[in-house]
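The values are calculated or read from the model by the stated rules, or taken from the named source; none is laboratory data. For clarity, every value in this text was computed on a predicted model and none was experimentally measured. Glycine gets a Cβ as well: all are built from the backbone with ideal geometry, and neighbour counts include every protein chain shown. Ligands, DNA and RNA are excluded from the accessible area calculation, which covers all protein heavy atoms including side chains. Shrake-Rupley method; radii C 1.70, N 1.55, O 1.52, S 1.80 Å.
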Amino acid sequence: MDRDELQAWLRLTLSPGIGNETARKLLATFGSAQAIFEQSSSTLNQLGSEKLSRAIQEVPPTLADLLQTTLDWLAASDERQIVTLGDAGYPASLLDIADPPLMLYMMGALAKQARPAIENIASAPQPRLAIVGSRNPTPQGEVNARQFAKTFGASGLCIVSGLALGVDGAAHDGAMLGGGNTIAVVGTGLDRVYPKKHLELAHRIAAQGMIVSEFPLGTPPLNANFPKRNRIISGLSQGVLVVEAALKSGSLITARLAAEQGKEVFAIPGSIHSPQSRGCHALIKQGAKLVETAQDVLEELRLPSVQAPENSPAANDEPLADSAFLAALGFDVVSLDALQARTGLPTPELQAKLLELELDGHLTRLPGGLFQRITQV
């Protein structure tokens with residue numbers, strides 16, 4: 001993409017009053033972003049809207065600076081690319097969604113070598129699965145997200161998520177731990193990382209996968225942008241797995257979009273007492289596939305199964321020595337008093353056992369003197 005073409009696309013996205021739908025109509029009418037801004041006033045007035053004609057003719061005051069910033073950003077690395085709606089390498093799966101983004105900024109190892117890499121992400125052979133969920137998951141939910149993603153990564157699935165705290169971050173991390181690729185679709189410009197806690201994770205994703213955004217460089221983390229990017233997460237994927245979600249959450253928006261796009265929707269059930277599980281239970285009632293193991297997803301997507309990674313929810317090779325105690329603990333959050341009633345152990349012995357299992361990674365201690373098991377066996 002040369003300077004003039006990039007300038008025209010940036011101007012199209014910056015012009016006030018020209019949203020994606022209007023921009024697509026203009027592109028269909030005039031053939032290219034550059035052609036839109038080459039039209040005479042009389043031609044533009046024939047569009048039937050004086051406001052639209054004026055918006056096209058006025059040059060956004062921030063255009064020159066953004067153009068130079070974007071050119072500098074692209075020149076800084078061969079792992080940075082921009083693909084537009086009119087580009088042959090535009091992800092084919094996004095053309096089928098209701099509101100395809102006009103521009104996609106791509107950064108990372110998978111974005112290297114412009115055309116071949118973009119075509120690989122757009123339509124290639126590697127299947128992609130979105131994993132989404134709560135920003136404040138239960139300990140079990142975070143473990144599930146990481147271990148399922150680890151299994152999927154080892155099976156050759158590319159994991160798509162949104163780089164948010166909680167389930168998203170665990171999914172990206174798990175995919176890379178399994179040796180797989182991962183794509184983060186973010187709600188800011190690619191010159192920013194949000195949340196800041198995921199700066200190191202974002203660097204790892206860029207080194208092993210790719211970060212994608214439809215928003216211009218410099219775009220801050222605006223609330224409205226995060227639900228908007230969810231259509232890209234589902235659009236790039238063959239299916240969406242919801243790990244944990246409240247009844248009103250962005251994860252359910254992603255699941256709804258996936259269903260509307262004809263994609264598979266999967267959900268992991270949880271405790272009936274956990275608010276983070278209610279969204280998943282609602283999805284299952286609506287027809288989402290209930291998932292207990294990674295194999296459930298692989299079978300539905302008609303992908304070959306693999307040996308589950310160590311500590312995966314699907315890997316039960318080594319039973320715990322304290323299985324009886326963990327069976328008494330169960331999977332719901334439990335108090336010390338309730339656990340003592342179940343086990344009959346004296347308080348000092350019970351506390352010692354809990355500490356031992358906590359150090360071994362089998363349970364986690366929650367505020368209010370509560371405990372929750374985070375391993376399957």
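Figures for the structure shown
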item	result
Lys197 vs. criteria of a type in the set (D, E, K, R), modelled with pLDDT under 95 and surrounded by fewer than 20 Cβ atoms within 10 Å (Cβ to Cβ)	no
Leading residue by the ranking (farthest from the chain's Cα centre (by Cα)) among those in the range 199-246 that are in a loop (DSSP other than H, G, I, E, B) and aliphatic (A, V, I, L, M)	Leu217
Looking only at the range 347-376, and only at residues there that are under 29 Å from the mean Cα position of the chain (by Cα) and of a type in the set (Val, Ile, Thr), the one that is farthest from Glu292 (Cα to Cα)	Thr364
All positions within the range 216-230 that are in contact with a helix residue (DSSP H, G or I) (Cβ under 6 Å, 6 or more places away or on another chain) and open to solvent by less than 20 Å² (accessible area, probe 1.4 Å)	Leu217, Asn230
Cβ-Cβ under 9 Å pairs, at least 6 apart or on other chains, the range 355-377 side open to solvent by less than 80 Å² (accessible area, probe 1.4 Å) and part of a strand (DSSP E or B), far side modelled with pLDDT of 85 or more and aromatic (Phe, Trp, Tyr)	Leu363/Phe371; Thr364/Phe371
Condition met for Gly330 (open to solvent by less than 40 Å² (accessible area, probe 1.4 Å), touching a residue at least 40 places away in the same chain (Cβ under 8 Å) and of a type in the set (Gly, Ala, Ser))	yes
Top-ranked residue in the range 175-187 [being free of Cβ contacts under 8 Å to residues at least 40 places away in the same chain and not aliphatic (A, V, I, L, M); ranked as farthest from Gly156 (Cα to Cα)]	Thr182
Qualifying positions in the range 252-277 - assigned to a helix (DSSP H, G or I) and either farther than 18 Å from Pro139 by Cβ or open to solvent by 30 Å² or more (accessible area, probe 1.4 Å) (or both)	Leu252, Ile253, Thr254, Ala255, Arg256, Leu257, Ala258, Ala259, Glu260, Pro275, Gln276
Which numbered condition Thr347 fails, given (1) at pLDDT below 85; (2) farther than 18 Å from Gly270 by Cα	(1)
All positions within the range 17-30 that are outside any helix (DSSP H, G or I) and either modelled with pLDDT of 95 or more or buried (at least 16 other Cβ atoms within 10 Å of the Cβ) (or both)	Ile18
Test: residue in the range 156-165 that is open to solvent by 10 Å² or more (accessible area, probe 1.4 Å) and at pLDDT below 95	yes
